[in-house]
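What follows is a set of notes on a single structure, which appears directly below.
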Amino acid sequence: MRRVLKFAGKLAGAAVLLGVPALLVYLQFFGFNESWRAEVAKALSGPGFTVGIGKLTFHPFEGIVAEDMDFHRRGGPPVQLARMDRLVISPNLARLLRGQVTIDQLDLENASVAIPFADDGLEPDTIRLRGIRAVILNGNGQLTISHAECWLDDIHVTVSGHLLNPDGAAAAKRAPSTAEHAEKRTNVLRSVLRVLERIKFSTPNPELSIALSGDLLHPEAIAADTVKLVTGGVRFDDLQFDRVNLAASFADRILRVASLRAAAKNTALQLAGEWNFANNSGQFDLSGGMDIAPLFALAGHAELARDVVFEHPPTVDASFEAKPGADGPDLSVIGRVSMQGFRLKSLKARSFTSAFAWKNGQLYVQDAVLNSSTGMLRANVLSAPGLFKISLDSEAVPNEFSEFFGPKERAIIDLLEFKDAPKLKITLSGTRANLDALSGTGHIELGSSAMRGSWIDFAKSDIEIKDKAIIYQGLTIGKGKLRATGSFTYDFGKHEVRLDGIRSNLDPPDVLMWVDPRIAATVAVYRFRSPPDVRADGIAHMVDPNKNDLRIEVDAPGGITYSLLNRDLLFGATKATVAIKGQRVLADVHKSSLYGGQVAVDASVSTDPGDPTFSANVTADRVDFP
């Protein structure tokens, strides 16, 4: 009997020595059966998700390994939450001997996870994590992430923390996610991933560390007690930083940014504030300076980004606020901007400062001061849908700003010359920021200035803008001791100039060069030997000369010199009427003395280049031509 028992013992030992390795080899290559996979999958499942395991094997140096894992939402239509290629599982051995499968530890080594968040056919639709290494402990109803790291694109992410892990049966208490919430989540995730696709990082790679806490039964309440991001170089399209540092936290659906710093050559920005995702409200403060030209390119204004050059980075201090509104957040911004030395097209500015406020499409610019190379400009502006108001006080030469006007206005401005900067004060309002939609009043003063080379010493006038016309009322022009007064209207809607009650002792061609050079050239053949007394009324058309209709009364007590057939005729005291009808100048010299006699002239001169004709009816009495 003793020999039998001894033999049985040896046989049992041999069975153990041979059977256990054989079993382990079998489990390594063929895996556990379906019931074991189901038990392990049940143990891995959480309150809001279930786990499916494609293969469950045993590896001598690792332990139990789950492969080809799928995570699905618990309850409702089957929705895949994530896919994982490999997970090392450490079950609780004491409970395992009692037939219960519970997980004490999870280990991931160079694993990959794909988390789909949409199935609408649009890209991107999946969050992909690679190079996952993690040790997760499960005990006493709590998950402890002692260490976890992975790569999200080029960002190295590390995670740690403690999460309550309640019984999966409690999942039934969770309210299902609404379609509206799912759509918002999809839009947010897709926007973030699209932005990440456009961001390029240089070494060292960015490091993002997150410390978590909360309850897995209520994922919406999971908090990130600390969020830290440190990067090397960051490039987003044309926007580039040498480094970016973030310190933040997230709890109760509120993101709190303690500090976001971005730095580069000539750039130092800092942002702080918070955003409440529950009601889409928040407040942020931004301060610092940077070259904002790349921001214009990001906003779709590539031409503006090319045209502006900053000698020093503009600085800004601004506060952003969002409050819940009927149609989404009501946004508002208030702040101040300062620029020192910049060039925009033909404008060379020494400095620019302004306070500003923006709310739901309404922009208010207050106390804007532009110090250009020729003078200073001050302005207050209100711009809103269907409304535009501006108050302007300028002592700068307008030629600097000609490129900011339309082609018609620019053509006029380019004809002007200034030795003294003009002074303009004006207040305008209308439906949009176009001169043809504005009306208002103001005052202008010119120093030494010229139009088409015709110089004056000064001019001053009240201004009224209405009905697509600029009306100069109470106009006074001076050149030496000579003066011109009256009213002058530049109607850019009808493309005409209207003279009303003009009275002048200036040389008429000098005045008419400010109106129409063709008419000035026709009148220039009449040369006044002393200042005349001129009265003018009527219309000069800027586009169609056939619409000209001017009447000029001339009283020249000092006489006129008129060139005829290469000979100067010296008229004495002369009174005449000059009518400009279409492209003809009709001169009616009522009476004048000429070489001891009297003469009257009725002449017609064409200003049409295609019809250069001239006719005259001359009546002479006792004229003794030399």
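The values are calculated or read from the model by the stated rules, or taken from the named source; none is laboratory data. None of the values given here were measured: they were computed from a predicted structure. So basically every Cβ, Gly included, is an ideal-geometry build from the backbone, and we count neighbours across all protein chains shown. These accessible areas exclude ligands, DNA and RNA; they are computed on the full protein's heavy atoms, side chains included. Shrake-Rupley method; radii C 1.70, N 1.55, O 1.52, S 1.80 Å.
Of the residues in region 245-258, none is within 22 Å of the chain's Cα centre (by Cα), in a strand (DSSP E or B) and without any contact (Cβ under 8 Å) to a residue 40 or more places away in the chain.
Determine, yes or no, whether A433 is among the aliphatic types (A, V, I, L, M), open to solvent by 60 Å² or more (accessible area, probe 1.4 Å) and either at pLDDT 90 or above or touching a strand residue (DSSP E or B) at 6+ places or on another chain (Cβ under 9 Å) (or both).
Yes, satisfied.
If the condition is being touching a strand residue (DSSP E or B) at 6+ places or on another chain (Cβ under 6 Å) and either surrounded by fewer than 16 Cβ atoms within 10 Å (Cβ to Cβ) or assigned to a loop (DSSP other than H, G, I, E, B) (or both), then region 129-140 contributes R130, G131, R133. Look at (1) farther than 22 Å from A349 by Cβ; (2) at pLDDT below 95 and you find that G440 fails only one, number (2). In region 322-405, counting only strands (runs of 3 or more DSSP E) that sit wholly within it, the ones holding 2 or more residues that are over 24 Å from H443 (Cα atoms) and among the hydrophobic types (A, V, I, L, M, F, W, C) span 330-344, 347-359. Please tell me if A258 is open to solvent by 30 Å² or more (accessible area, probe 1.4 Å) and small (G, A, S). In short, yes.
Just wondering, is there one or more residues in region 269-280 that are part of a strand (DSSP E or B), farther than 30 Å from D330 by Cβ and either among the aliphatic types (A, V, I, L, M) or touching a helix residue (DSSP H, G or I) at 6+ places or on another chain (Cβ under 9 Å) (or both)? Checking region 269-280: not a single residue is part of a strand (DSSP E or B), farther than 30 Å from D330 by Cβ and either among the aliphatic types (A, V, I, L, M) or touching a helix residue (DSSP H, G or I) at 6+ places or on another chain (Cβ under 9 Å) (or both).
Within region 530-600, which strands (runs of 3 or more DSSP E) (wholly inside it) include 2 or more residues that are more than 17 Å from A616 (Cβ to Cβ) and out of contact with any helix residue (DSSP H, G or I) (no Cβ under 8 Å at 6 or more places or on another chain)?
533-541, 549-556, 567-581
Which members of region 128-154 meet the condition of being on the phi < 0 side of the Ramachandran plot and touching a Pro at 6+ places or on another chain (Cβ under 8 Å)? Correct list: D154 only. Restricting S202, S209 to those that are in contact with a Lys or Arg (Cβ under 6 Å, 6 or more places away or on another chain) and either surrounded by 14 or more Cβ atoms within 10 Å (Cβ to Cβ) or among the charged types (D, E, K, R) (or both) reduces the list to S209. Quick check on G474: is it at positive phi, part of a strand (DSSP E or B) and either surrounded by fewer than 17 Cβ atoms within 10 Å (Cβ to Cβ) or over 31 Å from the mean Cα position of the chain (by Cα) (or both)? Spelling it out, G474 is indeed at positive phi, part of a strand (DSSP E or B) and either surrounded by fewer than 17 Cβ atoms within 10 Å (Cβ to Cβ) or over 31 Å from the mean Cα position of the chain (by Cα) (or both).
Condition (residue is closer than 28 Å to H312 by Cα, of a type in the set (A, V, I, L, M) and surrounded by fewer than 17 Cβ atoms within 10 Å (Cβ to Cβ)) applied to region 224-232: is it met by at least one residue? Yes: region 224-232 contains one or more residues that are closer than 28 Å to H312 by Cα, of a type in the set (A, V, I, L, M) and surrounded by fewer than 17 Cβ atoms within 10 Å (Cβ to Cβ). Being surrounded by fewer than 16 Cβ atoms within 10 Å (Cβ to Cβ), under 17 Å from F241 (Cα atoms) and either free of Cβ contacts under 8 Å to residues at least 40 places away in the same chain or out of contact with any Lys or Arg (no Cβ under 7 Å at 6 or more places or on another chain) (or both), is that true of even one residue in region 327-346? No: region 327-346 contains no residue that is surrounded by fewer than 16 Cβ atoms within 10 Å (Cβ to Cβ), under 17 Å from F241 (Cα atoms) and either free of Cβ contacts under 8 Å to residues at least 40 places away in the same chain or out of contact with any Lys or Arg (no Cβ under 7 Å at 6 or more places or on another chain) (or both). Against the list (1) open to solvent by less than 60 Å² (accessible area, probe 1.4 Å); (2) of a type outside the set (A, V, I, L, M, F, W, C); (3) within 13 Å of V525 (Cα to Cα), the condition G572 fails is (3).
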